[in-house]
Structures are given as C-alpha cells and as structure tokens.
Amino acid sequence: MAYALPGRRPAATESAGWFDALLRLDRRVLLGLSIPLTVLVAIVDWRTGPEVALGAAYLFPVMLLAIGAGRWQILLLSMACAAARGFFSSWYSPVDFFLRYLLAFAAYSATGLLISEILKHHAETRFHLNALREQNLLRQELEEHLRELADSSPAAIFTSDAQGGILTANDEARHLFGLPEGRSLRGEGVTQYLPVLEGALRLDPSEGVFRTSTQCQGRRLGGEPFFAQIWFSLYASPGGRRLAAIAVDISDDLREREDQNLRLLASQNRIIAGAVSHEVRNICGAIAMAFTNLKETGALRETREASTLGDLVAGLMRVAATDLAVRAETPLTPVNLEDLFDQLRVLIEPAWAELGGAVDFRLEPGLPRVLADSAALIQVFLNLANNSLRAVELCDEKRLTVTAAQFGPEVHIRVADTGNGLPLLAHLFEPFQEKASGAGLGLYVSRAVLRNYGGDLKHEPSDAGCVFCVKLPAAA
C-alpha cells in the first residue's frame with residue numbers, strides 16, 4: 001500500500017512518460033486496439049500472399065494486448081493470430097498446417113505471456129519503490145517531529161549505551177546536568193550525574209523491554225546536588241544494550257511538599273498541645289482545689305515542704321493556663337472539590353479495593369469552591385476514610401460513600417460507611433480516647449483543623465453504618 005504525504009501526489013499518479021501512460025490504459029481499450037490491429041495485419045498478409053512472410057507482424061497485437069489483458073485473452077488472441085498466419089502462408093498438407101499452427105501459437109502466446117509477466121513485475125517493482133520512497137519520506141518527517149519534540153521538551157531526554165556513555169541528548173538534559181552552553185553530552189558518562197542508573201545498566205533486558213521509574217538524587221557537573229524523577233527503559237538493539245530515559249528536576253516540588261508537610265505537622269502539634277494543656281489544666285485545677293481545702297481545714301501544716309508544694313501547684317497552673325489557640329499560618333485559597341476528590345480517590349481506592357470494598361463519590365453538579373487548605377483538607381478526609389476502612393473490615397458489605405452538596409453559604413460533604421456504627425457518642429470528639437486504635441486524637445484534630453477554616457465536623461445519626469458531615473464555607 002502506498003502512503004502519501006500532505007501536499008504530495010500519490011505514487012500511482014506520478015507520470016513517467018508515454019510508457020507509463022500506456023501501462024495505465026484500460027483493458028477494454030487495449031482489447032479494442034489489438035483486435036483491429038490483428039485484422040489489419042491479416043488483411044496485409046492476405047494481400048501480399050505467401051511470397052512475403054508477415055508471421056512476425058502478428059506479434060504486435062499480441063504484445064499490445066499483453067500490456068493489460070489477462071492470460072486467457074492473450075491465449076485466445078494468439079490462437080487467432082496463429083490461425084490467420086496458417087491460412088495466409090504456403091503449406092502442403094494438413095499435418096504441415098497443424099505443425100505450423102502449433103509453432104506459431106507457441107511463439108505468440110509465449111511472447112505475450114512473457115511480456116505480461118515482465119510488465120507485471122515491473123509494475124510491482126515500481127509500486128514497491130514508490131512505497132519505499134514514500135515511507136522514507138514519512139520516516140524522515142517522523143524523525144524530524146521527534147527531534148523537535150525532544151528539543152522543545154521541558155524534560156531531559158537522553159539515551160546511553162551499556163557502559164553508560166550518552167549517545168543522544170536534548171538541550172534540557174545539558175541544562176539538567178549543569179553543562180555550559182555549547183558543550184555536548186555525547187560520550188559523557190550518565191552515571192556521574194545520575195548514580196542510580198549504574199545499577200540499572202547491569203540488568204539484562206534479553207527477555208524484553210524493561211521499564212520502570214524512580215526518584216533519586218543526582219549531581220550536576222559542578223557538584224551541586226538535585227533530586228530527579230526518572231522514567232527509563234532498557235532494551236536490546238543490534239548495537240548492544242541501550243538505555244532510554246526521561247528525567248525531571250523535582251527539587252522545587254520536593255521542597256514545597258516537605259514545607260507543606262512541616263506546616264501541617266506544626267499545625268497538628270499545636271492542636272495536640274492545646275488538648276494536652278486543656279487536660280493538664282483540669283488536673284491542676286483539681287490539685288489546687290484539694291491543696292486549698294487541706295490548708296483551710298488545717299489538715300496540712302505550715303511547713304517548708306507545704307509552701308514548696310503550693311508554689312509548684314501555682315506554677316503548674318500558670319503553665320497549663322497558657323493560651324495555645326490554633327491559628328492558620330497560610331492564607332486560605334479556594335479549593336475545587338472535584339480536583340480534591342480526584343486526589344482522594346487515588347489515595348484511598350487501592351486500600352478499599354484490596355479489602356474487597358468500593359468507594360463511591362457523588363458530587364452535586366455546579367458545586368462552588370470552598371475556602372480551606374487543600375493539603376489539610378486531604379488529611380481530614382484520609383482520617384475519616386481510614387476510620388471507615390477499619391470499621392468495615394468484618395462486614396459483608398464494604399462501601400464508602402462520599403456525597404457533596406451545597407446548603408446556603410456552606411458545602412456539606414457527608415462521608416458514610418457500611419460499618420457497625422459507633423456505640424458511644426458522648427465523648428466522640430474528645431482527645432485521648434481510651435479505646436482508640438491510635439492516640440485517640442484523629443477526630444479531635446480533624447474538627448479543630450476544620451474549625452480553624454470556619455468549618456466544622458459533625459456526626460450524624462444513621463440507621464446503618466456511620467456518617468460524618470464536613471461543613472466548609474463556600475468561596476465567594
């Protein structure tokens with residue numbers, strides 16, 4: 001099959017002179033030309049008589065028909081030409097006529113069939129040559145597009161041989177590895193920039209192409225370290241084992257992610273410290289009251305030890321009374337709940353699928369954005385999803401349903417599971433739950449984080465399972 005590039009004529013329409021035009025004649029046209037030519041040769045042969053041998057002239061209509069006709073048509077015309085030659089030539093007996101007829105028929109048909117096969121192979125050869133030419137142009141165009149794609153890519157793209165010597169690389173690879181302008185990467189050892197690839201080059205891809213990705217630390221030409229995300233593959237080629245890789249500098253992303261995790265950790269630590277301070281304040285209040293009662297009733301004598309104990313109780317009260325209110329350190333931004341739930345789906349669905357459960361997200365169309373910190377909000381929903389996952393482990397039906405809808409100036413997001421519910425609700429949001437699987441701070445911290453954004457976390461009664469409602473203010 002021939003391929004045509006845009007702006008180029010197909011190979012079948014390329015003209016190469018009168019011979020190609022003749023080859024493209026229709027079979028019916030060739031038949032219409034060869035039959036009158038045969039009649040003309042026969043008339044001339046009849047007029048000239050047996051004194052002039054015109055047997056070779058019958059080859060012309062046969063050869064003309066052989067350009068595009070089928071084999072049986074060539075054979076029929078050869079029979080007619082052999083018969084005409086026999087009638088208009090001198091012969092002495094029926095046997096002589098028959099032998100002359102056979103020789104003429106063999107000569108005409110063999111010539112016609114030979115020309116037909118030659119032209120057929122010629123056409124096929126030209127067809128394949130044109131196809132190869134078009135494919136070569138397509139290949140060159142594709143290579144040009146790939147080269148432009150690699151050169152304009154914001155990611156570093158390079159290939160290397162089995163020893164780690166770089167074979168090809170784009171400009172971004174040179175920037176990533178810190179090479180000066182004008183210096184080529186060809187022949188440089190890739191392992192000096194990305195040491196993790198040294199182990200990958202030892203792998204044997206003889207059973208097929210090996211593909212994977214990794215995050216690693218690299219080093220530029222001047223010794224400056226950086227973090228990279230690499231997608232690479234190993235494959236076998238006629239020149240030996242090869243490595244193809246795409247690398248991206250993720251130092252800034254990693255730094256932002258770590259800063260975000262640090263902010264979340266600090267915010268949760270303040271919440272936990274506030275909870276501890278609250279509990280210590282209650283205990284200190286009880287101790288101070290008991291100490292005062294002992295002094296008033298005279299049960300505690302005025303001694304140096306008693307005075308020291310009073311000072312310790314007062315100091316502990318002052319420490320416990322310190323206000324540890326949680327404040328948001330980062331400005332709140334409008335959060336798109338569809339994008340947030342797409343991230344949440346990636347995080348929680350594998351664990352539910354492994355347990356044989358399912359997660360169902362139902363979002364009301366046209367939901368407004370909400371004011372919150374996206375990372376902290378993800379942590380809140382992760383905590384609720386993990387609690388539900390533990391609650392449904394022993395249940396027949398394992399399903400988590402997340403429903404979001406707008407109610408006035410707020411967006412309510414309900415997280416419902418098919419577990420056995422919560423037996424004790426009186427102290428649900430208090431810190432340091434005795435029967436909690438962890439420290440008993442998950443719901444307490446989650447509600448404190450949401451209240452810090454002007455939202456809230458509520459438990460809603462349900463006939464089956466457990467339902468929590470996250471309330472968030474809608475962004476203007």
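The values are calculated or read from the model by the stated rules, or taken from the named source; none is laboratory data. Here the structure is a predicted model, which is why all the values come from computation and not from measurement. Here the Cβ positions follow ideal geometry from the backbone for every residue, glycine too, while neighbour counts run over all protein chains shown.
For (1) at pLDDT below 85; (2) of a type in the set (Gly, Ala, Ser); (3) more than 29 Å from LEU185 (Cβ to Cβ); (4) part of a strand (DSSP E or B), each residue gets a yes or a no:
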site: LEU203; (1), (2), (3), (4): yes, no, no, no
site: CYS216; (1), (2), (3), (4): no, no, no, yes
site: PHE226; (1), (2), (3), (4): no, no, no, yes
site: ALA236; (1), (2), (3), (4): yes, yes, no, yes
site: ASN261; (1), (2), (3), (4): yes, no, yes, no
site: ALA266; (1), (2), (3), (4): yes, yes, yes, no
site: ILE272; (1), (2), (3), (4): yes, no, yes, no
Exercise for review: Looking at (1) part of a strand (DSSP E or B); (2) at pLDDT 90 or above; (3) surrounded by fewer than 17 Cβ atoms within 10 Å (Cβ to Cβ), find the lone condition where LEU137 falls short.
Suggested key: (1)
Review point. Could you say whether any residue in the range 229-243 is buried (at least 18 other Cβ atoms within 10 Å of the Cβ) and within 30 Å of ALA376 (Cα to Cα)?
Key: yes
Check your understanding: Any chance the range 110-121 includes a residue that's within 30 Å of LEU176 (Cβ to Cβ) and among the acidic types (Asp, Glu)?
Key -> no
Exercise for review: Would you be able to say whether some residue in the range 369-380 is at pLDDT 90 or above and surrounded by 14 or more Cβ atoms within 10 Å (Cβ to Cβ)?
Suggested key: yes
Check your understanding: What about LEU176, is it at negative phi and touching a residue at least 60 places away in the same chain (Cβ under 8 Å)?
Key -> yes
Point to revise | Filtered residues of the range 140-165 (kept if in a helix (DSSP H, G or I) and without any contact (Cβ under 8 Å) to a residue 40 or more places away in the chain) | key: GLN140, LEU142, GLU143, GLU144, HIS145, LEU146, ARG147, GLU148, LEU149, ALA150, ASP151, SER152
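Matching residues to (1) at pLDDT 85 or above; (2) under 19 Å from ALA69 (Cβ atoms); (3) touching a Lys or Arg at 6+ places or on another chain (Cβ under 9 Å):
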| site | (1), (2), (3) |
| --- | --- |
| ALA84 | no, yes, no |
| PHE87 | no, no, no |
| SER90 | no, no, no |
| ARG100 | no, no, yes |
| GLU117 | no, yes, no |
| THR125 | yes, no, no |
Review point. Hey, does the range 199-206 have a residue that's closer than 19 Å to HIS175 by Cα and within 25 Å of the chain's Cα centre (by Cα)?
Key: no
**Study point:** Of the criteria (1) touching a Cys at 6+ places or on another chain (Cβ under 9 Å); (2) modelled with pLDDT of 80 or more, which one PRO36 fails
**Key:** (1)
Revision key, fill the gap. Residue set ALA173, ALA123; condition small (Gly, Ala, Ser), in the same structural domain as TRP72 (by TED's automatic domain parsing) and assigned to a helix (DSSP H, G or I); output residue ALA123
Exercise for review: Pick out, from the range 403-476, the strands (runs of 3 or more DSSP E) lying fully within it that include 2 or more residues that are modelled with pLDDT of 80 or more and either over 25 Å from ARG345 (Cβ atoms) or in contact with a Cys (Cβ under 9 Å, 6 or more places away or on another chain) (or both).
Suggested key: 410-417, 456-460
